Amino acid sequence: MEHRIVGPGPYRATRLWNETVEIFRAKMPLRKHRCRFKSYEHCFTAAEAVDWLHELLRCSQNFGPEVTRKQTVQLLKKFLKNHVIEDIKGKWGQEDFEDNRHLYRFPPSSPLKPYPKKPPYQKDVIKFPEWNDPPPGTSQENIPVRPVVMNSEMWYKRHSIAIGEVPACRLVHRRQLTEANVEEIWKSMTLSYLQKILGLDSLEEVLDIKLVNSKFIIHNVYSVSKQGVVILDDKSKELPHWVLSAMKCLANWPNCSDLKQPMYLGFEKDVFKTIADYYGHLKEPLLTFHLFDAFVSVLGLLQKEKVAVEAFQICCLLLPPENRRKLQLLMRMMARICLNKEMPPLCDGFGTRTLMVQTFSRCILCSKDEVDLDELLAARLVTFLMDNYQEILKVPLALQTSIEERVAHLRRVQVKERILSVL
């Protein structure tokens with residue numbers, strides 16, 4: 001019942017689906033069952049499938065022990081919809097799967113998910129600005145010069161070059177290091193770090209680098225509070241005041257100084273529902289649709305915790321600042337609620353930690369297109385985030401230092417050349 005680790009790379013969700021289907025079909029115990037006075041060979045009940053698959057997922061490093069029985073039922077519904085399994089009469093697709101004694105079997109063949117076909121790609125090499133390149137429209141042969149008045153000193157210099165005593169100089173163009181150049185350096189070096197950590201030849205299959213905004217990266221690094229939380233320039237993108245007050249209330253429970261309403265029995269549950277409703281109605285998950293594959297790819301590194309944390313740090317730098325801020329505040333609230341022994345149960349059916357994961361997973365990570373394992377993958381990611389959010393939502397110091405040194409070096413070169421040109 002081994003589930004090999006599916007590492008980072010393109011189509012990781014599809015690879016996980018196929019891996020799970022193959023193991024389920026190969027290892028799920030089959031036996032004879034009776035139903036309505038009739039015997040059926042090589043089948044299993046729905047409850048048996050839930051038991052076996054739930055254990056497989058919980059023991060897998062790809063998913064982890066946080067997987068619930070309810071999530072397992074949801075996955076088996078998708079198995080039935082995609083004809084991985086069928087009921088004992090051969091029905092599938094529209095039939096609903098429930099955790100009961102209904103009989104199911106495997107069809108003769110179960111097609112695996114195909115991988116998207118894309119044209120061959122070249123390695124994503126983001127070109128650094130070439131400071132020696134002449135500006136457009138100029139050339140070495142067509143450079144305006146001022147007329148030179150010939151004197152004995154000038155004649156001696158030219159004569160020395162002509163006979164080889166002094167090497168002739170080549171005119172070198174140096175473009176000014178602009179704000180756009182600096183932004184390009186931040187983007188290129190950040191993506192290069194991510195590509196190296198993931199061990200990929202290209203980032204093409206996990207994100208579209210054209211959609212990566214260098215201004216977001218720089219804002220997320222420098223526009224932060226003393227606590228490391230992003231500060232927004234556009235206040236219209238802030239959390240609504242009533243949501244922020246509700247989050248502060250639960251994060252600091254039972255000291256709810258921000259809320260003026262009188263408390264009553266079940267008050268904390270209503271406050272939690274208010275927060276859950278707001279985040280549940282976001283138009284896009286906090287980690288964005290565009291970065292879904294990148295974050296899922298990083299999940300393949302969880303067995304190397306430090307490497308995974310560094311990869312998540314870089315991915316989170318790519319977020320729009322308002323998303324990063326909302327994520328920081330949400331994760332801090334979730335962690336504090338889980339550690340607060342004075343917090344009453346917020347749900348009768350779940351423990352607090354499980355409730356946090358189940359409530360907020362889809363508003364944090366979700367695919368724009370239907371991905372059959374997205375719920376399990378989101379739960380896995382949010383669990384890891386809760387355990388490591390303080391480190392993950394920090395700016396990676398090594399990356400920041402490396403980029404700042406690169407920019408400082410280029411600026412020193414420019415200053416030196418200006419001095420030499422004056423001399």
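The values are calculated or read from the model by the stated rules, or taken from the named source; none is laboratory data. In this text the structure is predicted, and so the values were computed from the model without any measurement. Neighbour counts run over all protein chains shown; Cβ positions are idealised from the backbone, glycine included. We work out accessible area using only protein heavy atoms, side chains counted, and drop any ligands, DNA or RNA first. Shrake-Rupley method; radii C 1.70, N 1.55, O 1.52, S 1.80 Å.
The table for this structure:
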read-out: Subset of the stretch 9-46 that is basic (Lys, Arg) and under 20 Å from Phe292 (Cα atoms) - its residue that is surrounded by the fewest Cβ atoms within 10 Å (Cβ to Cβ); value: Arg15
read-out: Condition check for Lys187: free of Cβ contacts under 8 Å to residues at least 60 places away in the same chain and within 18 Å of His290 (Cβ to Cβ); value: no
read-out: Output for the stretch 270-301, where each listed residue is free of Cβ contacts under 8 Å to residues at least 40 places away in the same chain and within 25 Å of Gly199 (Cα to Cα); value: Thr288
read-out: His173 open to solvent by less than 70 Å² (accessible area, probe 1.4 Å) and either over 24 Å from Ile314 (Cβ atoms) or at pLDDT below 90 (or both); value: yes
read-out: Top-ranked residue in the stretch 203-232 [being without any contact (Cβ under 8 Å) to a residue 60 or more places away in the chain and not β-branched (Val, Ile, Thr); ranked as surrounded by the most Cβ atoms within 10 Å (Cβ to Cβ)]; value: Ser214
read-out: Candidates Val307, Val395 - the one that is out of contact with any strand residue (DSSP E or B) (no Cβ under 7 Å at 6 or more places or on another chain), of a type outside the set (Gly, Ala, Ser), closer than 24 Å to Arg58 by Cα and touching a residue at least 24 places away in the same chain (Cβ under 8 Å); value: Val307
read-out: Residue ID - modelled with the lowest pLDDT, chosen from residues in the stretch 96-114 that are open to solvent by 100 Å² or more (accessible area, probe 1.4 Å) and not basic (Lys, Arg); value: Pro114
read-out: Gly93 vs. criteria open to solvent by less than 50 Å² (accessible area, probe 1.4 Å), over 20 Å from Leu299 (Cα atoms) and of a type in the set (Gly, Ala, Ser); value: yes
read-out: Helices (runs of 4 or more DSSP H) contained in the stretch 196-294 and holding at least 1 residues over 27 Å from Asn340 (Cα atoms); value: 214-222
read-out: Matching entry among Leu80, Leu57 (being in a helix (DSSP H, G or I), in contact with a helix residue (DSSP H, G or I) (Cβ under 7 Å, 6 or more places away or on another chain) and crowded, with 20+ Cβ neighbours inside 10 Å); value: Leu57
read-out: Glu153 vs. criteria assigned to a helix (DSSP H, G or I), modelled with pLDDT under 90 and not basic (Lys, Arg); value: yes
read-out: Filter result for the condition that a residue is open to solvent by less than 20 Å² (accessible area, probe 1.4 Å), in contact with a Leu (Cβ under 9 Å, 6 or more places away or on another chain), touching a residue at least 60 places away in the same chain (Cβ under 8 Å) and β-branched (Val, Ile, Thr), over Val50, Val6; value: Val6
